[in-house]
Amino acid sequence: MMRQIVSAACGLWLCAAQAGMAQTHEGVVVELYTSQGCSSCPPADALLAELAEQPGVIPLALHVDYWDYIGWKDDFANPGFTKRQKAYAKAAGERMIYTPQMIVGGVERVVGHEPGAVAEAIARRAAQPSPVRLTVTRQAGQITISAVAAAPFSAPVTVQLVSYAPGAAVQISRGENAGLALTYRNIVTSWDRLADWTGQEPLTLSAAVKADRPTVVIVQRQGPAEILAAAVVE
């Protein structure tokens, strides 16, 4: 069921390879806030791994650090990801953050492991026309970003650069998941702001990236809020 819904939603996106350059595709960004120390997280981690096989979806695992105190330190955790999740909560008027949580397209929130709810949220976001035409190319360690807005924005949007590791296996010996051997996918290793953009003029940016890591470009309303366009170069 999950595969059918996501595949139908993602048929709206174009996947293409450019000669001499890395393969690039656009998609709906799904952020999973997770932790190796959270006993409720493995099913959500498995769902993210399934999404990683779907066209038109850009699933990203952001490991937070607020579970580290219970006996197992998540070696993928980054306090910056905790800060980002807190910013989402503040923007939505929520007082708490938790794991696992999926945020789809910057606006739709899904608590825990809910494949149907995630698929429906992806479908809704994929059906929304993007106000940004985004092109991303990479050659070796250099990425080039071009973007054109259909109309200037009411407030500047943020252009972000995300890198992730495709996968890793972890043997957990302490904490709530003690004894489990877990495999994680699309582990975010960095999330950086490149620029703010008003949309009044076409945007062209270049940045250095790790040649051996997939890279995602995300154009997002500030808040953080709605993701207007995203593309991954693998």
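Points worth noting:
- Looking only at residues in segment 71-112 that are of a type in the set (Lys, Arg) and in a helix (DSSP H, G or I), the one that is surrounded by the fewest Cβ atoms within 10 Å (Cβ to Cβ) is LYS83.
- Pick from segment 56-70, criterion under 19 Å from the mean Cα position of the chain (by Cα) and part of a loop (DSSP other than H, G, I, E, B), ranking: surrounded by the fewest Cβ atoms within 10 Å (Cβ to Cβ): ASP65
- Where LEU12 falls short, out of the listed (1) at pLDDT below 95; (2) part of a helix (DSSP H, G or I); (3) hydrophobic (A, V, I, L, M, F, W, C): (2)
- Filtered residue count, segment 113-128, keeping only those that are farther than 12 Å from ALA44 by Cβ, surrounded by fewer than 19 Cβ atoms within 10 Å (Cβ to Cβ) and in contact (Cβ under 8 Å) with a residue 60 or more places away in the chain: 4
- Number of positions in segment 169-204 that are more than 21 Å from TYR69 (Cα to Cα) and at pLDDT below 95: 0
- Residue in segment 87-100 that is in contact with a His (Cβ under 6 Å, 6 or more places away or on another chain) and more than 26 Å from PRO131 (Cβ to Cβ) present: no
The values are calculated or read from the model by the stated rules, or taken from the named source; none is laboratory data. The shown structure was predicted, so the numbers you read here are calculated from the model rather than taken from an experiment. Virtual Cβ from ideal backbone geometry, glycine too; neighbours counted across all protein chains shown.
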